[in-house]
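The values are calculated or read from the model by the stated rules, or taken from the named source; none is laboratory data. Remember, predicted model here, so these are calculated numbers, not experimental data. Heads up, the Cβs are rebuilt from the backbone with ideal geometry, glycines too, and the neighbour counts pull from every protein chain shown. Areas reflect the complete protein model, heavy atoms only, side chains present, ligands, DNA and RNA absent. Shrake-Rupley method; radii C 1.70, N 1.55, O 1.52, S 1.80 Å.
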Amino acid sequence: MILVIGATGKIGGEVARQLVTAGSSVRALVRDPSKAVALADLGVELATGDLGDAASLDKAMHGVDRVFLLSVQDLRQAELQGNAVDAAVRAEVGHIVKVSGIAPSVSPGGPAEIGRQHWQTEHRIEATGVPFTFLRPGFFMQNLLETAAPMVAKLGLLAAPMNGAPIAMVDARDIAAVAVAALTSDDHYDRVYDVTGPRAFGYSELAAVLTGATGRRVRYLDTPPRLAAKALRRQGQPDWKVEHLVEMAELFRAGAGATVSTTVRDLTGHAPRTIESFAAEHASAFKR
Ligand SMILES: NC(=O)c1ccc[n+]([C@@H]2O[C@H](COP(=O)([O-])OP(=O)(O)OC[C@H]3O[C@@H](n4cnc5c(N)ncnc54)[C@H](OP(=O)(O)O)[C@@H]3O)[C@@H](O)[C@H]2O)c1
């Protein structure tokens, strides 16, 4: 039995679906079962619980061999994921696959709060002696649907604080496929994998790709991180989140997203999705 934590999110949902397709028995820890009806229909067993509730974690871990661990970016991320690690140890789980942060951010003295928290959780897992696989993905292509698509659709403007920095964006479905490969094999114990798309490109090139996909001119506008922060505050984002997004933007502007890995192909046997195919598939989200 494999327990998927974060199954109502982008990567976790795909992990649960792909595991079912691969023939695995899957249980999902969910806070709100009504958000996981489609997964239950596929045969995923639902365990209602919360990373903040140790008793619910013990119940969810019962009879579990492997755990997929992911939760939302949050100031309590390390504490909440630490609860899952402790419960996995109590349940004598045999393997933890954790989605971490982009590699240059995962360090005890790193420049971004969430990256430091990912490092704390990785460190905590390593100290347990439970076999682990850490996935350190790059910038998700799916972020564009939330952050960029509305303004591109309305104004034909791709505004972001990324300057010309090359970023090897990755499709969340490919990260999920890598996680499934790790969860269904003994070959990836105590390994750390960077997970990226097939090539790095800047936002000007991204604007050109979106122009091609939508048939309407999209222009890139570089917004300095502090100016972007002001806009995010006006939208009502909490201070820590704005600060985190600025820290991440500074990291990307310094080239942290440029590295391309071969992990998707190496672990899944298929090529990672390209930004062109992602843009074509989601073209309607970038159109008025
Ligand atoms: N976005 C990027 O470009 C990027 C790049 C590298 C790494 N990452 C990392 O990827 C992770 C986010 O992945 P994602 O976008 O797939 O996540 P997501 O779509 O935001 O989903 C988060 C999941 O965590 C669950 N969750 C949150 N708090 C919980 C709690 N207290 N108890 C139980 N479940 C809880 C959510 O459940 P509910 O539905 O109940 O809220 C949801 O299923 C973060 O750790 C982030 O640092 C992101």
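For the range 123-229, the solvent-accessible area with a 1.4 angstrom probe is 40 square angstrom per residue. Does the chain come out rounded, prolate or oblate by the C-alpha gyration tensor, with a ≥ b ≥ c the root eigenvalues, rounded set by a/c under 1.5 and, if not, prolate when a/b is larger than b/c and oblate if not? The shape class here is prolate.
Placing +1 on each Lys and Arg Cβ and -1 on each Asp and Glu Cβ, with no other charges, gives the range 164-246 a dipole about its Cα centre of roughly 800 debye. Simple rule: put +1 on each Lys or Arg Cβ and -1 on each Asp or Glu Cβ in the range 87-243, find the dipole, and look at LEU144, SER107, GLY197; the Cα lying farthest toward the positive end is LEU144. Charge dipole (Cα centre; +1 on Lys/Arg Cβ, -1 on Asp/Glu Cβ; no other charges) of the chain amounts to roughly 1240 debye. Take the Cβ atoms of ASP190 and THR21, set R0 to 35 Å, and the FRET efficiency comes out at 0.85. Taking the chain as the reference, fit the longest principal axis to its C-alpha atoms, fit the long axis of helix 10-21 to the helix C-alpha atoms, and give the angle between the two in degrees, 0 to 90, nearest 10. Once rounded, the angle reads 50 degrees. Ignoring lysines fewer than eight residues from LYS154 along the same chain, the ones with Cα atoms less than 18 angstrom from its Cα are LYS287.
Seen from ALA165, the other residues with C-beta closer than 12 Å to its C-beta sum to a net charge of -2, counting Lys and Arg as +1 and Asp and Glu as -1. A crude spin-label estimate for the pair GLN237 and ALA283, with each label 7 Å from Cα along the Cβ direction, gives 3.0 nm. Shape class for the range 38-96: oblate, because the ratio a/c of the largest to smallest gyration tensor axis (alpha-carbon atoms, square roots of eigenvalues) is 1.5 or more and b/c is at least a/b. Between helix 77-90 and the chain there is an angle of about 20 degrees, using the helix long axis and the longest principal axis of the Cα atoms. Once both labels are positioned 7 Å from their Cα atoms along Cα-to-Cβ, the gap between GLN73 and ALA254 label points is 1.7 nm. Ordering of 79-88, 208-217, 225-234 by packing is 79-88, 208-217, 225-234, highest average first (other Cβ atoms within 10 Å, averaged per residue). Accessible area per residue for the range 7-118, computed on protein heavy atoms with a 1.4 Å probe, is 42 Å². Projecting the Cα positions of THR268, SER185, ILE175 onto the charge dipole of the range 153-276 (unit charges on Cβ atoms of Lys, Arg, Asp and Glu, taken about the Cα centre) puts ILE175 furthest along the positive direction. Between the helical axis of 113-128 and the longest alpha-carbon principal axis of the chain there is an angle of about 20 degrees. Here the range 135-233 has 55 percent of its accessible surface on carbon and sulfur atoms, given a 1.4 Å probe and all protein chains in place. The gain in end-to-end length when the HIS123 to THR147 segment is fully stretched comes to 5.5 nm, 0.36 nm per residue minus the alpha carbon separation. To put it simply, the accessible area of the range 1-51 at a 1.4 Å probe is 47 percent carbon and sulfur.
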